[in-house]
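For reference, the structure is listed below as structure tokens.
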């Protein structure tokens, strides 16, 4: 038996070896076949899969176009920044890198040591760093940079409500940034980032495939100097009156160009309400009713209307004036803002005529301003009117307008009767500075004859000089305008004790270069447009005349006869030919506000010390104390005559001398 078992064992050995060999041969054939399949038959598919795994396609942001004011001053621009990444395994001298990170980036020693630690393959520093930081770290092995772009507003909060904003991801968040996003954002480029077998990025392995195309630039009609003046005047008015917010608009009445658009509200909302939020304008609408009467030949400024001594019951509704008047001409009715006289005068117009003129002045329709979500306001058709509507519309109720619509309507009164389209953007420019598209002034329609517009303009000067708008009076330099005080309508009802105070008009009255609208929301110290809003206009115009650079033609203002309200000379301009911005001398002989003009001399008071202040701030402070000012030179104030602390009576002319242009 032992012999038999030994023989079988001897025979089984070769069999096992043959089976093992056969198995190895089969496995080899399978491996070779699989290799042939992968490397020959399916090589293309697997190579593509490897490329996809090892490379990541990225979108490379394009530099966003800049936004400039009319003089080329940047209001919004794009800054190049860099994210910093470190591959610790590639560093040759970690201690030297720690020292450089602390010096160049201001990192603490602990933070610098953390990012160079070899326990990690890759470390990204938080934040975005400027070009100086990159230059300081350039050439250090193991440190990599990724270019990013950040939106920057060089003027801070100035015009920010108008401009809008851009998120960290480059998404436009409103305003002109959103309206012109397709122009500003450019076209992104493409790049490929290489990754290792585990899908993690290889430091610095970024290959550009297609370069980004930078965005184009916008050139606005806004004047940054005037915008800053308007911003500061509005901010101070809101603080002084306790208002919830307000709007201040300035425009060239002949071109429709918006020169300044200040908007400020205590709720912190960042959007341009002057174009988006309508309100009932109150008495600022009255000039347009009289313009319709004159244009239709149904009245003249000398027509007399009985104002019922301040109280009138009409159709079961009682209408009242702040002060009781008897017989008034239409000119006087406008000057004293008589609701009763204007409501009676409006009865001469048919509903269709009243509606047509209001519509032609731009109320109830969008202005076409390039700004997202513009409101058209509300002006109902005559078939929807009640028996009270004609009287209500005559005094600025049963209608809602935006401050922008009101600005353009007053511009029509100032320019001879033509409604202009608002011009907020002057041009789109390529990165080479060449104009791609220009926006020229465009007249919408002639609303009233030129002689009618001139008559209304003269009547509005009387409103300022002897009527409800006297707080806007600049004395020698005539201003035309109309005040408005309207109850605040919210949620289908009028808020108790809540008002909107406004003042609209143009300057200088004889040959207007500037149209303006001021609106204050819920002022507390005084609710009337004459006492709350009109002084804002005076402060703005005073600062504008004292500004080193201004869109106003000072020579034209100085040359126009401005009346005889002051015995001082009107003005003397010494700007170089061509409208340069060199030193100038310009008299602001506006005199003190009317509250300082008394029949008995006011007591002497010390002249404010304005040394070191800007000319604009110095003039504002002097006028606030009742003094007149004559500005010479430019730059910060060097001295005044009389000097600070010297006692003088209100109305005294103070010479303000700037540092530049002195002898």
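Per-residue packing, averaged as other Cβ atoms within 10 Å, sorts the ranges 423-430, 477-484 into the order 477-484, 423-430, beginning with the highest.
Per-residue counts of other Cβ atoms within 10 Å, averaged by peptide: what ranking do you get for 401-414, 66-79, 624-637, highest first? Let's see the in-between values first.
Values: 401-414: 28.5, 66-79: 18.7, 624-637: 20.2.
Taking the mean over residues of other Cβ atoms within 10 Å, the ranking is 401-414, 624-637, 66-79.
Shape annotation for the range 224-552: C-alpha extents along the principal axes are 67, 44, 40 Å, from largest to smallest.
Rg/Rh, computed from the Cα trace of the range 380-437 with Rh as the Kirkwood radius, has the value 1.26. For the pair the range 152-191 / the range 265-320, the C-alpha centres are spaced 39 Å from each other. In a fully extended conformation the segment linking residue 388 and residue 436 would gain 12.1 nm over its present Cα-Cα distance, using 0.36 nm per residue. Each peptide in 139-147, 497-505 receives the mean, over its residues, of other Cβ atoms within 10 Å, and ordering these scores from highest gives 497-505, 139-147.
Bear in mind that the values in this text are calculations on the coordinates, not laboratory data. Small disclaimer: the values here were computed from a predicted structure and weren't measured. FYI the Cβ positions are ideal-geometry reconstructions off the backbone, even for glycines, and counts take in every protein chain you see.
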